[in-house]
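Have a look at the structure below before the remarks.
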C-alpha cells in the first residue's frame with residue numbers, strides 16, 4: 001500500500017499524483033523488477049520534493065518483502081511526473097519540455113560526461129502531455145538553493161560539470177536528427193523575440209515595483225535588441241542544459257553520493273556553451289563576489305573543456321560569456337509569465353532577473369550587441 005501521512009500536505013499530494021498515473025504498489029514493483037531489482041514491495045511512503053515549476057517530483061521510500069538476494073535494492077526512488085498545475089502543464093506542452101527531458105534520458109544521457117541520475121524507467125504519452133520517470137534517489141545529497149546562492153567552491157564544481165556536458169557533446173551535429181532537439185534557425189529566434197516582447201509588460205506589472213530602475217532598463221533594452229542579441233551570440237556548439245542553476249543541482253554530502261549531479265533536463269538542446277555558465281554564475285554569486293571570482297572560474301571552465309579536446313581561447317570565452325549575460329533575465333521574464341505562480345517562484349524569478357541584470361551591466365553586454 002501507499003502511506004498517506006497527514007501533516008504539511010506533501011504526502012497527500014504525492015499519493016494523489018501516484019494514483020493519477022496508475023503507480024500503485026503492484027505497478028512500481030513491476031517497473032523496478034524490469035530495471036533489475038528482485039523482489040516485491042510491501043510498502044511505499046511518498047512525499048513531494050523539489051521546487052520545480054513545470055514538473056512534480058515524488059520521493060518514494062520503499063519497503064521490500066524478504067531478503068535482498070542481489071544486495072542492490074534501492075531504499076528510495078524519485079518519480080518525476082507532469083505538473084499538477086494546469087497552467088504549467090500547458091506551458092510544458094507549448095515548449096515541449098516533457099518531450100525534451102524524456103528524450104534526453106532515453107537517447108543521450110548515457111553518452112554525456114556530466115553526472116545525471118540513473119533512470120530505472122521512462123515512458124511518455126505525448127497526446128496526453130504526460131510522462132513518468134523513475135530515477136535514482138541521489139543520497140546523501142542536498143539540492144542547491146537559488147534564493148540563498150552558493151559558495152565559490154560549489155560554483156566551481158558546477159562549472160566543471162558544465163564543461164563536461166559541453167565538451168562531451170561538442171560539435172555533435174547529428175543530434176538535430178533526434179525529434180526532441182530543435183534545429184537552430186532564424187524562425188526560432190524570431191519566435192523567441194516575439195514571445196519576450198509579448199510577455200515583458202506582464203513581467204513589469206508583476207515584478208516592477210520590486211525591481212530597481214536599472215534592472216528594468218535591462219529588460220527595456222532587451223525588448224529593443226532581443227533579435228540582435230540572439231544573432232550576436234555564437235552558433236550552437238554543443239548540448240546545453242538551458243536551465244543550469246542551483247535548484248537543478250544536487251551536491252553530494254559524502255560517499256556514496258558523487259560531488260554533483262545535475263537534474264531537470266526539460267530545457268536541454270543545442271546552444272552556445274557559455275550560456276549555461278553565465279546563467280549559472282549570475283544566479284549563484286552576489287555581483288561583487290562574482291566580479292572577484294569570474295576570471296578564475298572562467299579559466300577553470302576553459303581548462304576543463306580542454307580535457308575533452310576543445311580548445312577555446314581566453315578571448316573566445318570572454319566574448320561568449322559577456323554576450324550570454326542576459327540569458328538569466330530572458331528566462332526570468334518568459335518563464336514567470338507562462339508557468340503557474342508560487343511565492344517561491346516569484347522570489348526565484350526576482351533573484352534571477354537582478355543577478356542577470358547586474359551581470360549584463362558589469363560586462364557591458366550592450367557594447368557588444
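The values are calculated or read from the model by the stated rules, or taken from the named source; none is laboratory data. For clarity, every value in this text was computed on a predicted model and none was experimentally measured. Positions of Cβ are backbone-derived with ideal geometry, glycine not excepted, and every protein chain shown enters the neighbour counts.
When segment 185-215 is filtered for residues that are farther than 24 Å from residue 340 by Cα, in contact (Cβ under 8 Å) with a residue 12 or more places away in the chain and within 24 Å of the chain's Cα centre (by Cα), the ones remaining, listed by number, are 189, 190. Return the only residue of 18, 13, 32 being outside any loop (DSSP other than H, G, I, E, B), touching a strand residue (DSSP E or B) at 6+ places or on another chain (Cβ under 7 Å), surrounded by 13 or more Cβ atoms within 10 Å (Cβ to Cβ) and at pLDDT below 95. Step by step, each of 18, 13, 32 is checked, and only 13 is outside any loop (DSSP other than H, G, I, E, B), touching a strand residue (DSSP E or B) at 6+ places or on another chain (Cβ under 7 Å), surrounded by 13 or more Cβ atoms within 10 Å (Cβ to Cβ) and at pLDDT below 95.
Residue count for segment 176-207 satisfying the condition of being surrounded by fewer than 14 Cβ atoms within 10 Å (Cβ to Cβ) and part of a helix (DSSP H, G or I): 11.
Return yes or no: is residue 166 farther than 30 Å from residue 343 by Cβ, touching a strand residue (DSSP E or B) at 6+ places or on another chain (Cβ under 8 Å), at pLDDT 95 or above and not in a helix (DSSP H, G or I)?
Considered against the rule, which asks whether it is farther than 30 Å from residue 343 by Cβ, touching a strand residue (DSSP E or B) at 6+ places or on another chain (Cβ under 8 Å), at pLDDT 95 or above and not in a helix (DSSP H, G or I), residue 166 comes out as no.
Within segment 75-92, being over 17 Å from the mean Cα position of the chain (by Cα) and assigned to a helix (DSSP H, G or I) holds for 86, 87, 90. Hey, does segment 260-277 have a residue that's more than 17 Å from the chain's Cα centre (by Cα) and farther than 16 Å from residue 166 by Cα? No, there is no match, as no residue in segment 260-277 is more than 17 Å from the chain's Cα centre (by Cα) and farther than 16 Å from residue 166 by Cα.
Can you go through 71, 52 and tell me which one is within 22 Å of residue 241 (Cβ to Cβ), modelled with pLDDT under 95 and not in a strand (DSSP E or B)? It would help to see each step written out before you state the result.
Details: 71 fails: within 22 Å of residue 241 (Cβ to Cβ).
Result of the check over 71, 52: 52.
For residue 182, state whether it is within 26 Å of residue 56 (Cα to Cα) and within 18 Å of the chain's Cα centre (by Cα). If you could, list the steps in order and put the result at the bottom.
Numbers: within 26 Å of residue 56 (Cα to Cα): yes; within 18 Å of the chain's Cα centre (by Cα): yes.
Against the criterion (within 26 Å of residue 56 (Cα to Cα) and within 18 Å of the chain's Cα centre (by Cα)), residue 182 qualifies.
Scanning segment 123-152 for residues that are part of a strand (DSSP E or B) and either crowded, with 17+ Cβ neighbours inside 10 Å or more than 16 Å from the chain's Cα centre (by Cα) (or both) yields 123, 124, 125, 130, 131, 132, 133, 134, 135, 136, 141, 143.
For residue 120, state whether it is surrounded by 17 or more Cβ atoms within 10 Å (Cβ to Cβ), part of a helix (DSSP H, G or I) and touching a helix residue (DSSP H, G or I) at 6+ places or on another chain (Cβ under 7 Å). Judged against the criteria, residue 120 is not a match.
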